[in-house]
Amino acid sequence: MREFDYRRAHDVTGAVALLAADPEARFLGGGTNLVDLMKAGVERPGRLVDVRELPLDRIEPTADGGLRIGATVTNSDLAAHPEVRRRYPALTQAVLAGASGQLRNMATIGGNLLQRTRCGYFSDVSSPCNKRVPGSGCPAMAGEHHNHAVLGASDHCVATHPSDMGVPLTAFDAQVAYESPDGPGEVPLTDLYLPVGDTPHRETTLPPGALITHIGLPAAPVAARSRYRKVRERASFAFAIGSVAAALDIEDGRVREARLALGAVASRPWRARAAESVLTGAPATGATFAAAADAELAAARPLPDNGYKVTLMRNLVVSVLTELAEGDLR
Ligand SMILES: Cc1cc2nc3c(=O)[nH]c(=O)nc-3n(C[C@H](O)[C@H](O)[C@H](O)COP(=O)(O)OP(=O)(O)OC[C@H]3O[C@@H](n4cnc5c(N)ncnc54)[C@H](O)[C@@H]3O)c2cc1C
Ligand code: SF4
């Protein structure tokens, strides 16, 4: 591993300044992704700015009835928070479906949203990869791609975003607040990730040197009836091959409000707005749920070895919505 300078930041302004002072610096959260990538030679920062002692480790209620979640809150603390469990149960379920207890104790919210793809070519420096080395090619297109994207990809990259918690956060309209060398800013999570296009190495809309400070969760009564379901290749300690975060508010047999997001199918947590339009105002029946899934997945462009994901996601969407409609909130 390349030698690097390690700095521990104690306030937000200082953290941003420490990073800005070195063009090769990176923020260090729990290090559970970044340090692995450093060991593999994918990331070679000259300086790490440790953000874990910043005063960003609280979850607080907001005046509008939502929650403000500090960027250094650990995954474990997020999942266990009583207001998260009560008001956004799909978020707790998603966090607990990710990684292991030890990892969740280290990993932070900011780091989870900015973790890199698990595409094997990306983390193997002996392979070409447009995301790691722009213009070098995408061996996944003709090679191993069974867990790659079916929505929103391009000929230049078909990698997925691996975050579980990002899926319900997307469904619940989370906002990402940051501090940058040019001052503070905020972006909806749905706009945090750039479209892949021909620049897969550019991943977010954050300004250079931006530190994520908080995630804002607006009040969403519908989220109290939500769930997250993840499908993976083994029962624990594995990334999703497909996941769904859904919330439903049903009145007199019709859907009054629906929230739906899909995971492990695109380069970002995928807000299923086409499906939500089909659901809203329609009878809460299996036929509606299937039509909603089909509307969203009509845009799917699978590769030879990941077409199963389209069927998987259709079944997952229908199953989770049916459970919510039947009041099964286990
Ligand atoms: C074996 C294993 C299994 C896993 N399984 C899952 C899973 O099933 N589901 C899942 O969602 N995740 C999973 N993970 C990923 C894990 O949850 C992430 O590694 C973790 O959430 C990243 O958080 P971190 O704080 O450790 O980030 P770090 O590794 O510290 O940082 C990741 C990136 O974010 C940047 N960063 C960190 N904090 C900030 C900030 N506040 N502002 C700006 N940039 C920042 C860093 O510079 C770096 O680029 C798994 C990881 C491992 C190792
Ligand atoms: S899918 Fe993306 S990350 Fe994977 S090899 Fe292709 S360009 Fe690289």
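The values are calculated or read from the model by the stated rules, or taken from the named source; none is laboratory data. All of these numbers come straight from a predicted model, not from anything done at the bench. All Cβ positions, even for glycine, are placed from backbone atoms using ideal geometry, and neighbour counts span all protein chains on display.
Here are some notes:
- Matching option when the condition is in contact with a Lys or Arg (Cβ under 7 Å, 6 or more places away or on another chain), within 24 Å of Ser267 (Cβ to Cβ), more than 16 Å from ligand 2 (Cβ to nearest atom) and at pLDDT 95 or above, among Ala97, Ala107: Ala97
- Note on region 137-158: residues that are within 8 Å of ligand 2 (Cβ to nearest atom), among the small types (Gly, Ala, Ser) and farther than 15 Å from Gly307 by Cα total 1.
- Selection of region 84-97 for residues being near ligand 1 (Cβ under 8 Å from one of its atoms) and surrounded by fewer than 23 Cβ atoms within 10 Å (Cβ to Cβ) yields only Ala97.
- Count - residues of region 5-22 that are surrounded by fewer than 17 Cβ atoms within 10 Å (Cβ to Cβ), assigned to a loop (DSSP other than H, G, I, E, B) and either out of contact with any Pro (no Cβ under 9 Å at 6 or more places or on another chain) or of a type in the set (A, V, I, L, M, F, W, C) (or both): 1
- In summary, strands (runs of 3 or more DSSP E) completely within region 139-254 and bearing 1 or more residues that are more than 16 Å from ligand 1 (Cβ to nearest atom) occur at 183-188, 211-217, 226-232, 240-251.
- Filter result for Arg8 (within 25 Å of Asp124 (Cα to Cα), of a type outside the set (A, V, I, L, M) and in contact with an Asp or Glu (Cβ under 6 Å, 6 or more places away or on another chain)): no
Okay, residues lined up against (1) assigned to a helix (DSSP H, G or I); (2) within 22 Å of Val133 (Cα to Cα):
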residue	(1), (2)
Arg2	no, yes
Arg26	no, yes
Leu56	no, no
Thr72	no, no
Ala90	yes, no
Gln93	yes, no
Gly98	no, no
Gly110	yes, no
